[in-house]
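Single-structure report; data block below.
Since every read-out is calculated from the coordinates, none of them should be taken as a lab result. Model, not experiment: these values are computed from the prediction. In this analysis, Cβ positions are derived from the backbone assuming ideal geometry, glycine residues included, and neighbour counts consider all displayed protein chains.
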Amino acid sequence: MTVIIGLEIHCQLNTKTKLFCGCSTDYRDDGPNTHVCPICLGLPGTLPVTNKQAVLYALKVAKALHCKVPAFSEFARKNYFYPDLPKAFQITQYDKPLALGGYIDNEAENGGEKRVELTRIHMEEDPGRLVHKGSGDRGRYTLVDYNRSGVPLIEIVTEPQLSSPKEARRFLNKLRATLEYLGIYDSEREGSLRVDANISIKGYERVEVKNITSYKGVEKALTFEITRQKGMIRRNAQIVRETRHYQEARGVTTSARSKEMEHDYRYFPEPDLAPLEVSSWVDEIPLPELPDARRDRFVQQYGISQNHARTLTGDLKLAEFFEEIASDMPEIAAPWTADILLGELNYRDMPVTKVPVPHYGALLLEVKKGSVTDTSAVEILRLILNQVMEGQQPEMPGEIIARLGLSKEKGDSIVDTVASVLRENEAAVADHRAGKAGAINFLVGQVMKATRGRADPKEIAKIIADLLKE
Amino acid sequence: MGSRYSFDNPDPHNAFITICREAEYGEGPLSGIPVAVKDNISTAGIETTCGSNILKGYIPPYDAHVITHLRSAGAAIVGKTNMDEFGMGTTTESSAFGPTLNPADPTRAPGGSSGGSAAAVASGMVQMALGTDTGGSIRCPASFCGIVGLKPTYGRVSRYGLIAYANSMEQIGPLAGNVRDCALLYSVIAGYDPRDGTSLDLPAPAPLKAEIAGKRIGVPAEFFGEGVDPAVAKTVQSGIDRLEGLGAEIISCSMPSMQYALAAYYVTSMSEASSNLGRYDGVRYGTAPDFVRSWHDAYSHIRKSGFGEEVRRRILLGSFALSAGYQGKYYAKAQAARQMVRNDFARLFETVDMLAGPTMPCVALPLGETSDPLSMYLADILTVPANLAGVPAISVPCGTAHNLPVGLQLIGKHRSEDEILSAALAFEEGSV
Amino acid sequence: MVSKEDVAHIATIADIGVDESELDLFTGQFNAILDYFDVLDSVPIGGDAAPLRKNVFRDDEVVPSLSHDEVLMNATDPEDGFIRAPRVI
């Protein structure tokens, strides 16, 4: 059963003000309805005027994603009635969007690249936020906060060319990184990237899943929905064309009410806004170095692997962090940052921006000098990260090494330890001599244990071999 | 600032929805002049209802751009005038606050939708008033009440704060007892406003002077076509003869797109209205919704109880004209027809300076007479072309028919308010 | 021709209550009005209205918002700074 996925990604642009009024978009730390004016509250008699910066940001994205910007585009009204929509219409773009086509080269299953084509990019305003309160049929009510009302969004629509939840996640990671590099989007603002997905099994009806409010939820939502659809096909149940909502907390999709399906949005051009003729601006818009270019530069400049470079450039902050510490020792910094540090950060849900650069740099230097083993270095890194998480002033790696006695044991002191381990494990020694694979690993492990990780496993293996030769 | 204007005149014609008995005023060209404002123009701190139950109790927290201008010109804003609900009518009878009576004959309607503003001026309660004109709503009541009313060029006066009926066509404009007062009020409200994206940045209006000699005035045959009361036609024809007597050159011409104008106007205005009027859910302002009902139930209910019949009719027809499967037949065709009207004006204005004809095809109607919506719509046939094209037009008293006032309409090129006001002044002074 | 059912369907789309008795009235009126609108059928297509203006923008500069009191002054029973609406779920 072939899976077909298309995505619609809504991204809040990080302009200072809303799309059609001068209210600040920096509302997340303030109470409800504190960043609203007659315009974004939809008071009678108010008129929208378009924020030029929002158009420039949207064009920047269009350029970076290789879209075509038509000579003429316009805003339209999408009419529907909901309390989060204070004018009872959303100003969006309909049949004349800002940008058409375009693509993103996405990492494919085989490590190569797969081009995912885009249908269009258009601009629109964000609705307000609803909170559901009360209980019982008559006791329930809705509370509305219009702070978000009117925040500029771009909607990026892909062709139905994604074939698995994993691929969709990688696509979103790539897109998110690109938007971050462009400086038009703030990934740390909650809800600044939201996804709707169209999912079908080839030969069957398509289902739209709305309300995926975090890009991390996408893979889970898609996996659930595909499993559901495949299950229905196996049971010979009919998949109906419908809209479903993703319930983040439960990880499931549920059918939207049929009433909502009766929408006839009655789009027509917004009479209060002049059309856009901005295609000639595109050439003037400067683009920064984007993830692919930076990845290629990392390979070139630092001599690191394609995979490490891809990981390190997959996030703007991570790439910047890497460049700060990489200069003297990229061959150590790349695997340490891409393989070890990133895992530790994910485990702690900690942003890379919180990692203390001098401490991390000093730690890599100790690794490079060979003064600690990898095992000890990981222990030191964890200690530093935990200290940061707990709000303490982190210790320098040198201090930790001294305090915990983590200096790598070398030469004679290890030889003695190895000798005693060999004496205590005659059976394993015999196995090794008999050519049993695995026995050597056991012996190395015993020495590591005895030295509390302060010895280098390669060195131990060599000493074992030397001693047994004698 | 600081002076107070006491306004405690009786209101026998029900011209006002809200009266401000003590109005502050300041220094400026309108210092101490009582000005009435149509109740679809937002006034900070003063209830603004659009003549509708659904907005009862709504107090805007901001002033419309024109109100800011009125205040800084020193005007005393003495009240908010009655109107057809949301501007949708030609009689002022669809107001939730009862009909306004025509001061020229209190058994008749004053015209609409700015009937309250026209009656307030015609009865002498105020010297001048603001109205709004989407398809003739200033010129119609000016004609029926025997006063002067100007619809400016689209974009000449900021719509910021004007509660929308049909955004692409409506303008705020002045009504007054004579051309000079009309021009004075116009000069105060005209100007660029960055908050209105359709606002025009133009030089201030020129000083008014009577000027008609040598002007080429086109008279389209269609302006005297079927449906125009012969008595009205005769009065207006004699008015046009007087223009000729004052030195204007009268040129017969034709405007074929007139056959589409009324349908194009109604399809466009109803479509835009169906969208504009969606916001009255009672949540943020206006009559509160029934919180026990679920959202769609409460919404559908408040729109049924809060809007009058004509408003609901237009919301339904506008929703239909925009709906899937019908948009091509109605809305899209109306836009194409609208362009034909613009093209016709552009062609005519290559050879003439302005157009003249009757403002309305009839005189003021007896109260309660228009029950059939289509026949009421048909009365707008002569005023809607100017709104479709965005050009300025003025109605100036031109005599009587059936002993009731008749208006002469002058339609100018884009941005030619000065020119049609000058012609209207010459006509007014020459015809005294 | 539109039928009573058509008018009822539009009322659903427009989310506006219409009584059974009004349906008859509106249906008759709509047919007369829509008949009149049929004159537009003879308008040639492709003559889309040319825009009068283009590219009207404002700069990305913050303008003070309304005070919290002004935001809530026309709302019914606000709660914790939120505006109250009927239940949607």
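Numerical summary
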| quantity | calculated |
| --- | --- |
| Partner lysines for B:Lys56 [C-alpha distance under 19 Å; skip if fewer than 8 residues away on the same chain] | A:Lys87, B:Lys38, B:Lys80, B:Lys304 |
| Zero-based 5 Å bins, Cα pair distances in region A:3-75, whole percents | 3, 12, 18, 20, 17, 13, 9, 6, 2, 0 |
| Taking B:Met88, B:Met270, B:Met169 and counting other C-beta atoms within 10 Å, the order from fewest to most | B:Met169, B:Met270, B:Met88 |
| Sequence of B:His13, B:His414 once ranked by neighbouring C-beta atoms within 10 Å, starting from the fewest | B:His414, B:His13 |
| Shape category assigned to region A:133-231 from the gyration tensor of Cα positions, a/c cut at 1.5 | oblate |
| Under-5 Å amide H pairs with A:Glu107, H placed in peptide plane, nonlocal only | A:Lys114 |
| Whole-angstrom Cα spans of chain B along principal axes, big to small | 68, 59, 44 |
| Those lysines that a straight Cα-Cα span of less than 27 Å connects to A:Lys436, excepting residues fewer than 8 apart in one chain | A:Lys449, A:Lys458, A:Lys462, A:Lys469 |
| Two-site FRET efficiency, A:Ile340 against A:Glu159, from Cβ-Cβ distance with R₀ of 30 Å, rounded to 0.05 | 0.20 |
| Length-normalised contact order of chain A in % [C-alpha pairs under 8 Å, at least 6 apart] | 14 percent |
| Hull shadow area, averaged, chain C [alpha-carbon convex hull, nm²] | 12.5 nm² |
| Choice from B:Leu150, B:Leu175, B:Leu162 showing the highest fluctuation, given a GNM over chain B with Cα pairs closer than 10 Å | B:Leu162 |
| Sequence of B:Tyr62, B:Tyr266 once ranked by neighbouring C-beta atoms within 10 Å, starting from the fewest | B:Tyr62, B:Tyr266 |
| Region B:260-331: equivalent-ellipsoid semi-axes (sqrt of 5 x gyration tensor eigenvalues, Cα, Å) | 27, 12, 9 |
| With eigenvalues of the C-alpha gyration tensor scaled by 5 and rooted, region B:88-239, Å | 24, 22, 16 |
| Estimated 222 nm signal from helices in chain B, with DSSP H stretches of n ≥ 4 weighted -39500 (n - 2.57), rounded to 500 | -9500 deg cm²/dmol |
| Residues with amide H under 5 Å from that of B:Ile250, placed H, sequence gap 5 or more | B:Ile217 |
| Net charge of neighbours whose Cβ lies under 14 Å from the Cβ of A:Gly31, counting Lys and Arg as +1 and Asp and Glu as -1 | -4 |
| Exposed-site-free run, longest, chain B (rule: GluC sites (Glu not before Pro); DSSP loop; at most 15 other C-beta within 10 Å) | B:48-225 |
| Computed FRET value (nearest 0.05) for A:Ala430 with A:Ser255, which takes r as the C-beta separation and R₀ as 60 Å | 0.35 |
| Low-density loop cleavage sites - trypsin sites (Lys or Arg not before Pro) in region C:1-85, where at most 16 other Cβ are within 10 Å (DSSP) | C:Arg53, C:Lys54 |
| Near-label residues of region B:86-116 by backbone N, under 18 Å of a point 7 Å along Cα→Cβ of B:Lys304 | none |
| Region A:73-138: relative contact order in percent, alpha carbon pairs under 8 Å with at least 6 residues between | 30 percent |
| Cα long-axis angle, helix A:52-64 against chain A (0 to 90 degrees, to the nearest 10) | 50 degrees |
| Across A:Lys18/A:Lys63; A:Lys60/A:Lys317; B:Lys329/C:Lys54; A:Lys96/B:Lys329, pairs whose alpha-carbon gap is larger than 24 Å | B:Lys329/C:Lys54 |
| A:Gln247 long-range amide H proximity, modeled H, under 5 Å | A:Val252, A:Thr253, A:Thr254 |
| Helix-only CD estimate at 222 nm, as mean residue ellipticity for chain A, using -39500 (n - 2.57) per DSSP H run (n ≥ 4) | -12000 deg cm²/dmol |
| Local electrostatic count, B:Thr100, Cβ distance below 14 Å [Lys/Arg +1, Asp/Glu -1] | -3 |
| Dimensionless Rg over Rh [chain A; C-alpha; Kirkwood] | 1.08 |
| Neighbourhood charge, 12 Å Cβ-Cβ cut-off, centred on B:Met360 and excluding it, Lys, Arg +1 and Asp, Glu -1 | -1 |
| Relative compactness, the protein assembly as shown, computed as alpha-carbon Rg over 2.2 N^0.38 Å | 1.20 |
| Nearest-ten-degree value, helix C:20-37 long axis tilted from longest Cα axis of chain C | 70 degrees |
| Along each principal axis, Cα extent of region B:26-151, largest first, Å | 38, 31, 22 |
| Candidate lysines for bridging to A:Lys230, where Cα separation is under 27 Å - those fewer than 8 sequence places away on the same chain excluded | A:Lys114, A:Lys166, A:Lys202, A:Lys210, A:Lys216, A:Lys220, A:Lys259 |
